[in-house]
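Before any comments, here is the structure.
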Amino acid sequence: MKLEEAAAYWAADINEWYSLDATTEEVVDAFNKNYLDAKAYDGTSYVDKFFRDNQGGYSRFLDTADREGLADCIEVARG
């Protein structure tokens with residue numbers, strides 16, 4: 001799944017939990033600014049470890065920490 005497709009699922013999940021009315025574009029922006037270059041606890045890519053699926057695309061599912069993290073990033077970006 002491409003990033004924009006997964007981000008649409010992520011936006012729906014964030015909105016269900018936090019009622020932010022986040023758009024797919026906001027989620028993609030938050031992801032790119034805050035996660036794209038992040039490293040996991042073992043020094044590998046955080047994105048590869050927690051956002052990618054087994055086929056190399058993006059997973060449509062978020063764990064709690066990443067859902068909260070993206071929601072926080074969106075709120076900060078909004079000011």
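The values are calculated or read from the model by the stated rules, or taken from the named source; none is laboratory data. Everything quoted here is computed from the prediction, not taken from an experiment. Reconstructed Cβ throughout: ideal geometry from the backbone, glycine too, with neighbour counts over all protein chains shown.
Assorted remarks:
- Contact annotation: residue pairs with Cβ atoms under 6 Å, 6 or more positions apart or on different chains, pairing a residue in the range 4-26 that is small (Gly, Ala, Ser) with a partner that is part of a helix (DSSP H, G or I) and surrounded by 19 or more Cβ atoms within 10 Å (Cβ to Cβ), are Ala7/Val27; Ala11/Val27; Ala22/Ala11; Ala22/Ile14; Ala22/Ile74.
- Which numbered condition Ile14 fails, given (1) in a helix (DSSP H, G or I); (2) surrounded by fewer than 17 Cβ atoms within 10 Å (Cβ to Cβ); (3) among the hydrophobic types (A, V, I, L, M, F, W, C): (2)
- Test set (1) surrounded by fewer than 12 Cβ atoms within 10 Å (Cβ to Cβ); (2) under 17 Å from Ala6 (Cα atoms); (3) modelled with pLDDT of 95 or more - Asp42 fails condition number: (2)
- Check on Glu4, at negative phi, modelled with pLDDT of 95 or more, of a type in the set (Asp, Glu) and surrounded by 15 or more Cβ atoms within 10 Å (Cβ to Cβ): no
- Residue list for the range 25-62, restricted to those being in contact with a Phe, Trp or Tyr (Cβ under 7 Å, 6 or more places away or on another chain) and under 17 Å from Ala11 (Cβ atoms): Val27, Tyr35, Phe51, Tyr58, Ser59, Arg60, Leu62
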